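Here's the structure we're looking at; comments come further down.
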Amino acid sequence: MAPPLGESHKRFLQTMMVNGIIDGAKARALHRHCCETHGAHYAHDKLDEFIEVINAQLQPMFMQIRKGMSEEDGLQYHALVNMAETDVTRMSTDYADNELELFRKTMDLIVDSDNGTASSTDILNCADSLQTKKLKKRETEHVLNRLVQDKWLNEKNGDYSLSTRCIMEMEQYIRLLYQDQVKVCHICHNVALQCQMCENPTCGIKIHTPCVARYFKGRTDPRCPACEDFWPHEIPDVYRPPSSQ
Amino acid sequence: GKEKASQLHAEGSAFDPAAFAEHLLSFMGLNRLEEEDEDVEGGASGGYLPQDAWQRVANRAQCCFRTAPSFHYMMGSFLAELPPPRQRVE
Amino acid sequence: TSQVQKGLDRLTPAQVDLKTAEVVQFIFVKDQKKFPIRRADIVKHVVKEYRNIYPEIIKRVGRVFETVFGLKLVEIDSKNHVYILINKLEQLEGESLNMSPSNPKTGLLFVILSIVFMKGGVVKESMVWNTLKKLRVDQGERHEIFGDVKKVVTDEFVRQRYLEYVRIPHTEPLEFEFRWGQRADMEVSKVKLLEFIGQLHEQDPQSWTQQYRDATAPPAAPAV
Ligand SMILES: [Zn+2]
Ligand SMILES: [Zn+2]
């Protein structure tokens with residue numbers, strides 16, 4: 001039998017429900033806050049175990065608190081995800097059918113692109129040809145805003161990418177649906193959308209931008225870890241989170 | 001109706017919705033205009049509210065509500081059909 | 001009852017667990033918009049051929065909400081069997097770790113519930129709109145945050161059971177009045193509401209004698 005949850009676990013889980021996703025630093029702060037609020041034993045290095053206790057109870061409900069890396073800043077995040085797809089889960093009321101169709105078309109565009117982004121122009125174009133019900137330009141912009149607000153998409157200068165929360169929840173689905181297009185990162189082996197690619201046509205491996213930064217840090221002659229060819233891209237700096245305290 | 005209301009007031013402080021609104025406006029961060037606005041009878045006082053005015057009230061009022069958090073997800077909200085078989089180019 | 005037991009005997013524990021999980025999922029879906037959940041819908045959409053063991057399933061569902069999520073499934077209408085979810089964990093003031101900002105509609109709802117409560121439990125619609133107008137919320141205009149605010153107040157809040165909005169009989173032209181809905185009764189702490197109102201007025205909450213008495217009175221037996 002899985003151990004029962006204390007109030008501290010329940011408060012942690014409720015905060016995950018409200019936020020959907022939180023970064024590692026916030027998760028650690030939340031862990032401490034929940035334990036202290038309810039007088040539960042707190043050990044700063046036991047966050048993973050704390051979450052495992054919750055996950056054991058969530059599993060029969062097809063829910064899970066998952067750990068993953070952001071393609072953008074390379075930091076660790078925790079997300080509460082749904083794992084079931086049934087007649088019941090499809091009754092979810094957050095988005096209408098045509099809004100979901102727009103989201104899936106956006107996913108298609110993002111996965112098909114070289115750099116893991118889709119321009120708002122391209123997304124607006126496919127809003128015109130939705131099978132369920134067309135969306136007007138203003139409606140489309142409104143839906144895209146909501147998708148960003150709800151943390152399913154990221155937006156930067158009019159370009160949209162899949163959020164960390166989205167990739168963490170849908171990784172399996174993305175691998176299955178786009179098995180011919182999608183590649184995994186040569187370094188961390190997760191789905192790679194926002195990434196750099198080896199230009200050797202017989203190689204063509206992909207590496208996440210933050211993984212590139214870490215892997216090539218301090219190397220003067222960056223070479224592809226698979227084929228040894230010169231790595232022709234700009235090597236970004238390793239992202240440092242603004243010191244949280 | 002009316003009698004009951006005045007009875008209620010006799011028992012303690014009266015509650016005046018207009019005064020309540022004025023206090024709320026201050027709490028919301030009303031930017032009162034420099035020049036003294038002449039308070040029109042029953043009208044709103046001058047000035048403008050900041051963008052986050054209602055957010056402020058909500059943040060403070062949130063602890064009065066024992067609202068259950070809701071669960072939101074993307075995976076599972078639509079039929080995850082696999083792609084149609086690729087068209088063969090003859 | 002033995003009927004339920006007979007039904008259970010015909011199923012494997014795994015089948016009952018799965019049905020329980022589906023009902024939990026269904027209630028979460030319905031709660032996304034804070035609309036109440038009707039037993040008839042649970043049976044129609046999820047329980048289906050398991051309807052003979054419904055009492056056992058809903059008991060287990062209630063246990064899951066309490067032991068896993070810290071929530072409580074409350075039957076607010078025992079005649080029509082309508083449920084809502086409320087939170088069992090205490091809401092900490094300024095819980096900065098609830099990192100998501102609150103929904104601004106909570107502020108609007110707070111103002112209306114406050115007026116109704118402070119005025120003894122029922123107020124004419126006009127008093128609410130007059131007060132909201134001072135707060136730059138006009139029932140006839142589109143609000144930049146709330147949109148169609150008349151619809152939010154008289155339809156959404158009512159459907160969510162935060163408010164009751166009823167016609168006052170024998171009025172010409174038509175007049176309506178607001179009361180607290182069943183969800184507000186279950187979910188809103190009158191003491192904390194009064195504390196906030198006192199803080200706004202820089203006034204001791206106890207100076208509103210009647211309201212303070214009402215807020216601190218032991219709750220009527222909940223309709224479970
Ligand atoms: Zn990687
Ligand atoms: Zn290579």
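Overall, the stretch A:94-168 carries a charge dipole of about 220 debye about its Cα centre when +1 sits on the Cβ of Lys and Arg and -1 on the Cβ of Asp and Glu, all other atoms neutral.
Name the helices (complete DSSP H segments) of chain C with a Cα length along the long axis of 18 Å or more and a Kyte-Doolittle mean of at least -0.5, or state none.
In chain C, the long hydrophobic H runs are C:13-31, C:104-118.
Within chain A, what's the longest stretch lacking GluC sites (Glu not before Pro) that sit in DSSP loops with no more than 11 other Cβ atoms inside 10 Å? My reading of the result: A:1-227 is the longest stretch. Taking a straight line from the alpha carbon of A:Lys67, these aspartates and glutamates sit under 14 Å away, with near neighbours fewer than eight places off in the same chain left out: A:Asp23, A:Asp48, A:Glu49, A:Glu52, A:Glu169, A:Glu171. Equivalent-ellipsoid semi-axes for the stretch A:149-245 (Cα gyration tensor, √(5λ), whole Å, largest first): 24, 20, 12. Counting only C-alpha contacts under 8 Å and six or more residues apart, can you give the relative contact order of chain C as a whole percent? Reported relative contact order: 16 percent. Cross-link reach is defined here as a Cα-Cα straight distance under 13 Å, omitting same-chain residues fewer than 8 places apart; for C:Lys192 the aspartates and glutamates meeting it are C:Glu90, C:Glu93, C:Asp204, C:Asp214. In order along the stretch C:141-156, phi translates into HN-Hα couplings of 10, 6, 8, 5, 9, 8, x, 6, 6, 4, 5, 4, 6, 8, 10, 5 Hz, rounded to whole numbers, per the Karplus curve 6.51 cos²θ - 1.76 cosθ + 1.60 with θ = phi - 60° and x for Gly and Pro.
How large is the translational diffusion coefficient of the stretch C:104-187 in µm² per second when you combine the Kirkwood radius over alpha carbon pairs with Stokes-Einstein at 10 °C and 1.306 mPa s?
Working: Rh = 12.9 Å.
This corresponds to a translational diffusion coefficient of 123 µm²/s.
Scanning residues 5 or more positions from A:Asn190 or on other chains, those with amide H under 5 Å from its amide H are A:Cys185, with H placed 1.01 Å from N in the peptide plane. Among A:Tyr239, C:Tyr54, C:Tyr83, the ranking by other beta carbons within 10 Å of each residue's beta carbon, starting with the fewest, stands as A:Tyr239, C:Tyr54, C:Tyr83.
Please give the FRET efficiency for A:Phe230 paired with C:Glu93, using the beta carbon to beta carbon distance and R0 = 60 Å, rounded to the nearest 0.05. Between A:Phe230 and C:Glu93 the formula returns 0.55. In whole Å, what is the distance between the alpha-carbon centres of the stretch A:1-27 and the stretch A:67-132? Taking the Cα centre of the stretch A:67-132 as reference, the centre of the stretch A:1-27 is 25 Å away. At the listed q of 0.11, 0.13, 0.16 Å⁻¹, the Debye profile of chain C, built from one uniform point per Cα, gives log10 I(q)/I(0) equal to -0.68, -0.90, -1.20.
Here the Debye sum runs over all C-alpha atoms of the stretch A:94-168 as equal scatterers in vacuum, and log10 of I(q)/I(0) at q = 0.18, 0.22, 0.24 Å⁻¹ comes out as -0.62, -0.95, -1.15.
Please report the relative contact order for the stretch C:104-187, taking Cα pairs under 8 Å with a sequence separation of at least 6, and give it as a percent rounded to a whole number.
Numbers: 92 pairs, mean separation 24.6, N = 84.
The value is 29 percent.
Could you list the square roots of 5 times each eigenvalue of the Cα gyration tensor of the protein assembly as shown, that is, the equivalent ellipsoid semi-axes, sorted largest first and rounded to whole Å? Could the numbers behind the result be given before it?
Values: eigenvalues 425, 188, 120 Å².
Taking √(5λ) for each Cα gyration eigenvalue gives 46, 31, 24 Å.
Out of every Cα-Cα pair in the stretch C:2-87, what percent are more than 15 Å apart?
On the way: 2058 of 3655 pairs.
When all Cα pairs of the stretch C:2-87 are counted, 56 percent exceed 15 Å.
Counted over all Cα-Cα pairs of chain A, pairs farther apart than 27 Å make up 46 percent.
Taking label points 7 Å from Cα along the Cα-to-Cβ direction, A:Asp150 and A:His41 give a separation of 4.1 nm. The residues neighbouring C:Thr67, those whose beta-carbon lies less than 15 Å from its own, together hold a net charge of +4 under the Lys/Arg +1, Asp/Glu -1 convention.
Let me know the mean shielding of B:14-24 by other chains, meaning the per-residue number of their Cβ atoms within 10 Å of its Cβ. Intermediate results must be reported in sequence, preceding the final value.
On the way: counts 2, 11, 3, 12, 3, 2, 10, 8, 4, 6, 9.
Neighbouring Cβ atoms belonging to other protein chains average 6 per residue here.
With 32 Å as the limit, the listed pairs A:Lys137/C:Lys151; A:Lys105/C:Lys59; C:Lys59/C:Lys151 have A:Lys105/C:Lys59; C:Lys59/C:Lys151 beyond it between alpha carbons. The loop-placed chymotrypsin sites (Phe, Trp or Tyr not before Pro) in the stretch A:41-101, going by DSSP, that have at most 16 neighbouring Cβ atoms within 10 Å of their Cβ come out as A:Tyr42.
Distance between the modelled labels on A:Ala96 and C:Glu144, one decimal in nanometres: 2.6 nm (7 Å Cα→Cβ projection).
The Cα atoms of the stretch A:7-87 define a convex hull whose projected area, averaged across directions, is 5.9 nm².
If you keep only loop residues by DSSP, which trypsin sites (Lys or Arg not before Pro) in the stretch C:30-92 have at most 12 other Cβ atoms within 10 Å of their Cβ?
Values: sites: C:Lys30, C:Lys33, C:Lys34, C:Arg38, C:Arg39, C:Lys44, C:Lys48, C:Arg51, C:Lys59, C:Arg60, C:Arg63, C:Lys72, C:Lys79, C:Lys88; in loops: C:Lys33, C:Lys34, C:Lys79, C:Lys88.
When the trypsin sites (Lys or Arg not before Pro) of the stretch C:30-92 are filtered for loop state and at most 12 Cβ neighbours within 10 Å, C:Lys33, C:Lys79 remain.
So what is the relative contact order for the stretch C:139-198, in percent, with contacts set as C-alpha pairs under 8 Å and at least six apart?
On the way: 52 pairs, mean separation 13.1, N = 60.
Reported as a whole number, the value is 22 percent.
What does the net charge come to around C:Ala40 if you take all other residues with beta carbon closer than 14 Å to its beta carbon, with K and R at +1 and D and E at -1? That works out to +4.
All of the numbers you see were taken from the coordinates with simple rules; none came from a lab. Bear in mind that the values here come from a model prediction, so they are computed numbers and not experimental data. Here Cβ is always computed from backbone atoms with ideal geometry, including for glycine, and neighbour counts include all displayed protein chains.
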